[in-house]
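Before any comments, here is the structure.
FYI, it's all coordinate maths here, none of it is from the lab. As the structure is a computational prediction, the values presented were derived from the model and not from experiment.
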Amino acid sequence: MDPDDHVCLCFHVSLRKIRTYLRAENPPVASLISECLSAGTGCMWCVPFLKHLHAQHQRGEVPDLKISPERYAKERIKFHASGERDEGVVKEVAPEAGGQELDRGPSPGVDQ
Ligand code: FES
């Protein structure tokens, strides 16, 4: 992804904004990234990817997602349609992601 591509598509939060937030606030847990323009609090699609970005930051790496914005958006649409995340995509792009949020489908009423 490029810095201006959106990681949280529900709230239009770019990779650049998340990087800036991580650098400025150094949150101890990934869930605090929600303080950055509500990232991750809509359909939940981006949660494992936010966790991955947080893990990279914790290791001192520049947070990044190795996926095109087009594919990322298409996978999100599939997630909304099926209610299930393609774990292959998550493992490929966000291998450090984990936790119960991964088991959740899209939130009711979120249709973006
Ligand atoms: S894409 Fe981030 S909450 Fe929906």
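A convex hull fitted around the alpha carbon atoms of the chain yields 89 Å³ per residue.
With the cut-off at 1.5 for a/c, could you classify segment 18-69 from its C-alpha gyration tensor as rounded, prolate or oblate? Mind dumping the intermediate values first?
Numbers: a/c = 1.76, a/b = 1.11, b/c = 1.58.
It is oblate, given that a/c is not under 1.5 and a/b is not larger than b/c.
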